[in-house]
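These notes concern the structure reproduced below.
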Amino acid sequence: MWLDPHRPRPFAFVSHGHADHFARHQRVLCSPGTGHILVKRYGVKASKIEALDWGEQRIINDHHITLHPAGHITGSAMIRIEGPDQSILYTGDFKTRSSHTAEIAEFPKSDILIMETTFGRPQFVFPPTDEIEKQISRFACETLEDGETPVFFAYSLGKAQEALAILHNAGIETVVHKTVFEMTQACREIKVDLPNPVLLEKNIPPGVAVIAPPNAVRARAIRSHKKRRTAMLSGWALTPGSQYRYQVDQVFPLSDHADYPGLLESVEKVSPSLVYTLHGSTREFARDLRAKGIEAWSIYGDDQLELLESASPEIPLKSELSRPTSDLRGLSELLESLTTTASRLKKIELLSIFLQDCNDEELPFVTRWLSGSGITHLGHVMIRQALLEVTGFPLAKYKTVSASQNDTARTARLLLEEAPLNPLAHSFKEVATHFDQLRTADGSIAKTQLFSCFLQQCHPAEGETMVRLLTGGLRAGAKEGLYEEAVAKAFNLSPSDIRYAAMLTGDLGEVAIAAKNKTLDQIQLRPGKPIKPMLASPSENTEDIIKWHDSKDIPLWLEPKYDGIRSQLHVTPNGAHLFSRDLRSLDNEFPEILEAARALPSCLLDGELIAYAEGKRLTFFDLQKRLGRKKIQGDLFLGAAIPVRFIAFDCLYAQKSLIDSPLEERRKALESLELLDPFTTIPLIRSNGTDIKALEREFKKAMSDDNEGLIAKNCLSSYQPGRRGQSWKKLKGVMPTLDCVVIAAQQGHGKRAGVLSDYTFAVRDKESGELRTLGKAYSGLTDNEIEDLTDHFQKTTIEKISRRVVKVEPTIVLEIAFDKIRPSKRHDSGLALRFPRIKAIRSDKSLDEIDTLQTAKKLV
DNA sequence: GATGTCTGCCC
DNA sequence: ATTCTGC
DNA sequence: GCAGAATGGGCAGACATC
């Protein structure tokens, strides 16, 4: 017998009539109420249903079976199975509070408790039910008094009937959406005390409230009704920002699940010796129970419980420290442990054991994945599409789950837990092949399809892991340095050696396998293999540079900062290669540079690609036209229209590796190459590092030569790949600013999903008197400022422009700094800013003190 | 075929 | 690109 | 000091829609 399986089974217990707990089984055991709902809702033949009354006993394979009310919705049941040695209680979904339509839950004592923990975190404490009900009726009354229509979104079976009862008791007339109508009738047929429902017709009559399922948000009858105020009834109302995520005017925490205290209370009543948790915050709740001395574990992935097949029920037992195996499943478990372990040393320990377990073929893959390379990323749209394809769920369902989770990977896990899957074991090699297929697949449709096929063969936990890997959001609390330490520990080498090798290759996978084979000393820098470029950190002004350099004796070298594309040129006897800042290959985009590079000896140059024609440097925007091209075409053939040059400023290899050599020496090597067009060497100013006047002069000159600024380098410093180190400094010009007014605000993503974090700003067109938009920005504000502004904009909202954007009264003046301003079709001012950011909230300025479009145009 | 929208990648 | 935040 | 998150404009490409 199966408990709430998602796939059709010969014989299954169905706890209640929600779709995610039901499939078309050959025989169903359930309560009489649920049986009736299954018949009405899914057209199940009555002959397939074996209804068991509350407390009535049935014997299956020597086990005594009884059903008990779960209080979740009408007819929802827990099942208690008593065997010769022990008893098990499976709760299905449940709630502890009383309600209008569900029976009062009972919690019979049992040895093993399998419970749902949808709201298994301490922050989930619902207010008293009568208080929520009062709020709901008040919302409805006030809306009606204002001549508008209150619209409640609630699941069509369960909460919709609760809402109907609440509104009925408050004397409010209500019409309901078709599915709500049908489910209400079904409940009335089994003697649930509910008013006769009135079906929602094409148009909403005045003076009534509406109840509709959440997926009817876009139903025509509701959308076309302009005078509406919407409310969502959901336990997730307690999560911050839920109002924005549901895109409704109000949320009320009316839930048909138990809240955190309810969950604890029910465990107490059952007084089990062992608890397994399902759904929602399973791990967190299990951990909390263990802290109270009750053995409790999250059931991982397999939430389709098969019982009574053999004499003793087999339930997968999980131990946090169990040694992971080397496949995707093992990786999932590893990530899980990493995420929940705070201790650095423990993480290194877990990782090193895991790495030791991998064979030679797998080791490089896994190490690469963990350290965040070797995987092409998929956008959230593609991932969403793949999930919808696998699960067959409607978009609305995805959105609901996604809104509650705020995390694509976690959303994937929850959706997959409800989907019909065909889990297979996946070796790392298969996973690597899949990543490869995704990388080479042409177009998002092909990628989506590939991925959905793969997901179909994953356990939900593995699906989550795949999404974490593919979105780059591993969030395992481990950074590159920690992975390096783990590799060192796994193969008994010093972390500094590992770190150095990793710096050389930029590929921890290669380092790991070399460490395992004790061939670390063979890892050397060589042309053809990209390494992470050394970066400069910003400085405020010339003084900062002098202070940073802090030496009379070491020369301070200055180079102009060109506005081009940072790239690495690798010349080998077999051909040349160009790499971007993120080590992406630029070979296809600049074939003529590679061709010309054949004349050079083997070397590795760091530099900047710039557009250059007729003896003049062109802008970044000209250069950008040559990026991302798949075909060389027409005018752009061989860069005829937009020729480029490679301006070298460093030489990392010439006959031997130079990255540990001082800049002086590298520069010598660079100059000895005697580069010819299209290659040149960047002009260099050898300054003495103490003369601030001279520095000032050079900076002004660099700016007047149309450069972005200066790069300052210590001439004795080595080349430090990646972001580590502080040996280069950049100094950019003072940004111009404009005072603009915010006219629209937009809801953010991720951790900013609950705030209006992004502001569209405008200047005044003196000719027409209108406000004209110039751009958007959030950067520059602290989280607190964003919160305050969110508050303000909520109060000054004029109208909703779209799901995520609201138009606001023009009250907030921002001082916006930017790099450049140029003509653009993006905004209605006809201008746009490059690198806009908020320099200050000018609460001292009013709307009529903002800058004008005419002023802005002068800065172009 | 023109237009609009999304994504990835450069800054 | 930039900025802020948490470690 | 550093990594990570969340965000800007603009381009080319890939699709969807009309």
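Here A:L814 qualifies as touching a strand residue (DSSP E or B) at 6+ places or on another chain (Cβ under 6 Å), buried (at least 20 other Cβ atoms within 10 Å of the Cβ) and modelled with pLDDT of 95 or more. For A:E592, the requirement of being acidic (D, E), modelled with pLDDT of 95 or more and not in a loop (DSSP other than H, G, I, E, B) is not met. Applying the selection to the range A:592-631, what residues are crowded, with 16+ Cβ neighbours inside 10 Å, farther than 20 Å from A:A669 by Cα and more than 11 Å from DNA strand B (Cβ to nearest atom)? Within the range A:592-631, A:I593, A:L594, A:A611, A:Y612, A:R617, A:L618, A:D622 qualify. The set of residues in the range A:745-776 that are under 15 Å from A:I850 (Cβ atoms) and within 16 Å of DNA strand B (Cβ to nearest atom) comprises A:T760, A:T773, A:G775. Which of (1) surrounded by fewer than 21 Cβ atoms within 10 Å (Cβ to Cβ); (2) away from DNA strand B (no atom under 11 Å from the Cβ) does A:A576 not meet, given it meets every other one? Condition (1) is where A:A576 drops out. Can you find even one residue in the range A:545-560 that is within 12 Å of DNA strand B (Cβ to nearest atom) and either surrounded by 13 or more Cβ atoms within 10 Å (Cβ to Cβ) or modelled with pLDDT of 95 or more (or both)? Looking through the range A:545-560, none of the residues is within 12 Å of DNA strand B (Cβ to nearest atom) and either surrounded by 13 or more Cβ atoms within 10 Å (Cβ to Cβ) or modelled with pLDDT of 95 or more (or both). Of all residues in the range A:133-157, those being surrounded by fewer than 18 Cβ atoms within 10 Å (Cβ to Cβ) and touching a Phe, Trp or Tyr at 6+ places or on another chain (Cβ under 7 Å) number 1.
Taking A:A611, is it within 16 Å of DNA strand D (Cβ to nearest atom) and assigned to a strand (DSSP E or B)? Yes, satisfied.
Yes/no matrix, rows are residues, columns are (1) among the basic types (K, R); (2) assigned by the TED database to the domain that holds A:S757; (3) within 16 Å of DNA strand C (Cβ to nearest atom):
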| residue | (1), (2), (3) |
| --- | --- |
| A:D783 | no, yes, yes |
| A:D788 | no, yes, yes |
| A:T797 | no, yes, no |
| A:R803 | yes, yes, no |
| A:P810 | no, yes, no |
| A:A817 | no, yes, yes |
| A:P823 | no, yes, no |
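If the condition is being in contact (Cβ under 8 Å) with a residue 40 or more places away in the chain and assigned to a helix (DSSP H, G or I), then the range A:173-184 contributes A:E182, A:M183.
Of all residues in the range A:58-88, those satisfying the criterion of being closer than 30 Å to A:K159 by Cα and assigned to a strand (DSSP E or B) are A:I65, A:T66, A:L67, A:H68, A:P69, A:A77, A:M78, A:I79, A:R80, A:I81, A:I88.
For the range A:504-524, state whether one or more residues are more than 30 Å from A:K625 (Cα to Cα), exposed (fewer than 15 other Cβ atoms within 10 Å of the Cβ), in contact with a strand residue (DSSP E or B) (Cβ under 9 Å, 6 or more places away or on another chain) and modelled with pLDDT under 90.
yes
Yes or no, residue by residue, for (1) outside any loop (DSSP other than H, G, I, E, B); (2) at pLDDT below 95; (3) closer than 30 Å to A:L774 by Cα:
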site	(1), (2), (3)
A:F637	yes, yes, no
A:I642	no, yes, yes
A:C651	yes, no, no
A:D677	no, yes, no
A:N707	no, yes, yes
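Could you run through the range A:519-563 and say how many residues are free of Cβ contacts under 8 Å to residues at least 60 places away in the same chain, in contact with a Ser or Thr (Cβ under 6 Å, 6 or more places away or on another chain) and assigned by the TED database to the domain that holds A:W728? So the answer is 0.
Against the conditions (1) closer than 30 Å to A:N422 by Cβ; (2) outside any loop (DSSP other than H, G, I, E, B); (3) at pLDDT 80 or above, A:R290 satisfies every one except (1).
Does the range A:548-560 include one or more residues that are within 16 Å of DNA strand C (Cβ to nearest atom) and in a strand (DSSP E or B)?
Checked the range A:548-560: at least one residue is within 16 Å of DNA strand C (Cβ to nearest atom) and in a strand (DSSP E or B).
Within the range A:777-795, which residues are within 16 Å of DNA strand B (Cβ to nearest atom) and either assigned to a strand (DSSP E or B) or more than 22 Å from A:R822 (Cβ to Cβ) (or both)? Once the filter is applied, which keeps residues that are within 16 Å of DNA strand B (Cβ to nearest atom) and either assigned to a strand (DSSP E or B) or more than 22 Å from A:R822 (Cβ to Cβ) (or both), the range A:777-795 yields only A:A777.
Tell me yes or no: at least one residue of the range A:42-49 is hydroxyl-bearing (S, T, Y) and more than 21 Å from A:D256 (Cα to Cα). Yes, the range A:42-49 has at least one match. Only residues that are free of Cβ contacts under 8 Å to residues at least 24 places away in the same chain and not in a strand (DSSP E or B) were counted across the range A:725-764, and they come to 2. Considering only residues of the range A:439-460 that are buried (at least 21 other Cβ atoms within 10 Å of the Cβ) and not in a loop (DSSP other than H, G, I, E, B), which is nearest to DNA strand B (Cβ to nearest atom)? Among those that are buried (at least 21 other Cβ atoms within 10 Å of the Cβ) and not in a loop (DSSP other than H, G, I, E, B), it is A:K447.
Put simply, of A:T184, A:T179 the only residue that is more than 16 Å from A:M232 (Cα to Cα), under 39 Å from the mean Cα position of the chain (by Cα), modelled with pLDDT of 90 or more and not assigned by the TED database to the domain that holds A:T96 is A:T184. Go through the residues of the range A:813-821 one by one and say whether even a single one is more than 16 Å from DNA strand D (Cβ to nearest atom), in a helix (DSSP H, G or I) and either more than 15 Å from A:Y778 (Cα to Cα) or in contact with an Asp or Glu (Cβ under 6 Å, 6 or more places away or on another chain) (or both). So far as the range A:813-821 goes, no, none of its residues is more than 16 Å from DNA strand D (Cβ to nearest atom), in a helix (DSSP H, G or I) and either more than 15 Å from A:Y778 (Cα to Cα) or in contact with an Asp or Glu (Cβ under 6 Å, 6 or more places away or on another chain) (or both).
Are any residues in the range A:162-181 within 17 Å of A:L38 (Cα to Cα) and in contact with a helix residue (DSSP H, G or I) (Cβ under 7 Å, 6 or more places away or on another chain), and if so, which ones? Within the range A:162-181, just A:V180 meets the criteria.
The values are calculated or read from the model by the stated rules, or taken from the named source; none is laboratory data. All figures in this text were calculated on a predicted structure; none of them were measured in a lab. Methodologically, a virtual Cβ is constructed for each residue, glycine included, from the backbone with ideal geometry; neighbour enumeration extends over all protein chains shown.
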